[in-house]
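The values are calculated or read from the model by the stated rules, or taken from the named source; none is laboratory data. Quick caveat: nothing in here was measured; it's all calculated off a predicted structure. Every residue, glycine as well, gets a Cβ built from its backbone with ideal geometry; the counts of neighbours run over all protein chains shown.
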Amino acid sequence: MGNDDNRRRKTPCGCCMSVFKWIPVLFIFAVIGWSYYAYVVELCVLNTENRVAMIFMLFFYHITLILFLWSYWKTISTSVGRVPDHWRIPDEEVNHLFRADNPETQKRILNNFARNLPVTNRTMNGSVRFCDKCKIIKPDRSHHCSVCSCCVLKMDHHCPWVNNCVNFFNYKFFVLFLGYALIYCLYVAFTTLHDFIQFWQGQLNGSGMGRFHILFLFFISIMFAISLVSLFGYHIYLVLVNRTTLESFRAPVFRIGGPDKNGYNLGRYANFCEVFGDDWQYWFLPIFTSKGDGLSYPTATEQTGNQSYDAMGHTNHSTANRLDVQPTDKLIDAIPLNNHQPHLELDNGQRIPSSQVIVNIEQRVAEASAAAATTAADSCNVVIDLIGDQTAAKDAAVLNGGHPLSANGTADKIV
């Protein structure tokens, strides 16, 4: 948490703002409390003559209410979690970072510190993401929330109705909360529809206040149901494509491949299990069953092979026969080559075209060589990772779709 955020919270104005943030939550609980009185007392006890029907109405009402309140409270009370200490940059390194002469130096410092961290997301200039308020390397899919004053793991958005960030640890609870709130509203609207029709026909019995409670309950439940159905449907869609609200507006940028909104899409069932877990018995209960630790996530390229992307982060096409040189821990930087169409020219004169060539550089060298494949399709995309001692890279392994290829020659030059 940033020091400036801490100081602001301790001021009188900050304390007042902290109290005001609970107003939407208190409003929701007030509406639930009133609806409980209107439904249980006014509708069921005082206006339902059939006792069997009343028992069934109250039974299903309380089941939906309990699930609704349970998931709502779990969404509110679940902590956003914290980034482990080994992701935090020491003060000395932070000072070096802020005193750096140019962005390239800052980029090199961040890449060097994050060498052993499981990060694949980058900024638009290819640098490791860094939070200057929390002084940490940002884990993949995490963002700094100015309301919570901390970096939030797999941040979806900050929701004022729960006074909490929707994140890795409570996203399942949030989706269940939306679903059970929708079921609750639809159930109340359906069971009060008969009384609304009777009122419209002038046949509704009971006192004036009793009729007011029942009619107002019908309109309130319909109003909330209309707003919830679109929100719940949208988040079900996000679950099925493994995307957060923030990622739907701004595609995450990957170290290799660039921006891609579908970078975490593993398939609908696998995406669903990422949030709700593998055991179907717990899918509909607000019990934490999400996969992972919130720090690293499986990507689509790990499941289906490498892909290429356009500037907006959409997948262009599959590259099953793409050639990649195996990267190592000494990966330092990534820069584009010249503006002309890049390709790899082998010693036998064969040219392999590429839509993108990325060269990872550790030091300036006059010439470089790399192991090359004996067979390659003309349509394959080429990514050359030159690492370590680039004057002699004959030991680099060339991969085709994740499978090693035998190499008879060396690459003469990259053109």
Quiz item: Which residue, of ASN111, ASN6, ASN95, is polar (S, T, N, Q), modelled with pLDDT under 95 and assigned by TED's automatic domain parsing to the domain that holds ILE287?
Solution: ASN6
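Mind listing whichever residues of the range 43-52 are in contact with a helix residue (DSSP H, G or I) (Cβ under 9 Å, 6 or more places away or on another chain) and assigned to a helix (DSSP H, G or I)?
Quick first cut of the range 43-52, residues in contact with a helix residue (DSSP H, G or I) (Cβ under 9 Å, 6 or more places away or on another chain) only: 43-48.
Within the range 43-52, LEU43, CYS44, VAL45, LEU46, ASN47 qualify.
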Exercise. Being of a type in the set (S, T, N, Q) and farther than 19 Å from CYS185 by Cα is the filter here, so list the residues in the range 49-74 that pass it.
Key: ASN50
Quiz item: Got a number for residues in the range 276-297 being touching a helix residue (DSSP H, G or I) at 6+ places or on another chain (Cβ under 9 Å) and farther than 12 Å from ARG141 by Cβ?
Solution: 12
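Going through the range 134-146 one residue at a time, which ones are of a type in the set (Lys, Arg) and under 20 Å from ARG108 (Cα atoms)? Give the steps one after another, and end with the answer.
Going residue by residue through the range 134-146, those that are of a type in the set (Lys, Arg) are 135, 138, 141.
Residues satisfying the conditions are LYS135, LYS138.
So, in the range 294-306, how many residues would count as being assigned to a loop (DSSP other than H, G, I, E, B) and either over 13 Å from the mean Cα position of the chain (by Cα) or touching a residue at least 60 places away in the same chain (Cβ under 8 Å) (or both)?
The first filter runs over the range 294-306 and keeps only residues assigned to a loop (DSSP other than H, G, I, E, B), leaving 294-299, 305-306.
Now restrict to residues that are either over 13 Å from the mean Cα position of the chain (by Cα) or touching a residue at least 60 places away in the same chain (Cβ under 8 Å) (or both): 294-297, 299, 305-306.
Residues flagged as assigned to a loop (DSSP other than H, G, I, E, B) and either over 13 Å from the mean Cα position of the chain (by Cα) or touching a residue at least 60 places away in the same chain (Cβ under 8 Å) (or both) within the range 294-306 amount to 7.
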Quiz item: Considering only the range 143-190, how many residues are of a type outside the set (Val, Ile, Thr), crowded, with 24+ Cβ neighbours inside 10 Å, within 13 Å of the chain's Cα centre (by Cα) and in a strand (DSSP E or B)?
Solution: 1
Exercise. Filter the range 91-132 down to the residues that are aliphatic (A, V, I, L, M) and out of contact with any Leu (no Cβ under 8 Å at 6 or more places or on another chain), then identify the one that is surrounded by the most Cβ atoms within 10 Å (Cβ to Cβ).
Key: VAL119
Self-check item: Verdict on PHE27 being of a type outside the set (D, E, K, R), surrounded by fewer than 13 Cβ atoms within 10 Å (Cβ to Cβ), in the same structural domain as PHE196 (by TED's automatic domain parsing) and in contact with a Phe, Trp or Tyr (Cβ under 9 Å, 6 or more places away or on another chain)
Solution: yes
Quiz item: Can you name the residue in the range 78-90 that is touching a residue at least 40 places away in the same chain (Cβ under 8 Å), out of contact with any Leu (no Cβ under 9 Å at 6 or more places or on another chain) and surrounded by fewer than 17 Cβ atoms within 10 Å (Cβ to Cβ) and, of all such residues, is farthest from HIS158 (Cα to Cα)?
Solution: ARG88
Quiz item: Residues in the range 120-131 that are touching a residue at least 24 places away in the same chain (Cβ under 8 Å), closer than 18 Å to HIS86 by Cα and not in a strand (DSSP E or B): how many?
Solution: 1
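Could you pull out the residue among PHE232, PHE218, PHE199 that is assigned by TED's automatic domain parsing to the domain that holds GLU274 and under 30 Å from the mean Cα position of the chain (by Cα)? Break it down stepwise before answering.
Numbers: PHE218 fails: under 30 Å from the mean Cα position of the chain (by Cα); PHE199 fails: under 30 Å from the mean Cα position of the chain (by Cα).
Selected residue: PHE232, the only one of PHE232, PHE218, PHE199 that is assigned by TED's automatic domain parsing to the domain that holds GLU274 and under 30 Å from the mean Cα position of the chain (by Cα).
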Practice problem: Considering (1) assigned by TED's automatic domain parsing to the domain that holds LEU43; (2) at pLDDT below 95, say which one SER146 fails and leave the rest. | Solution: (1)
Self-check item: Count - residues of the range 262-275 that are more than 16 Å from ARG141 (Cβ to Cβ) and of a type in the set (A, V, I, L, M)
Solution: 1
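Listed here are the residues, each with its yes/no results for (1) at negative phi; (2) outside any helix (DSSP H, G or I).
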site: LEU69; (1), (2): yes, no
site: GLY81; (1), (2): no, yes
site: GLU104; (1), (2): yes, no
site: LEU110; (1), (2): yes, no
site: PRO139; (1), (2): yes, yes
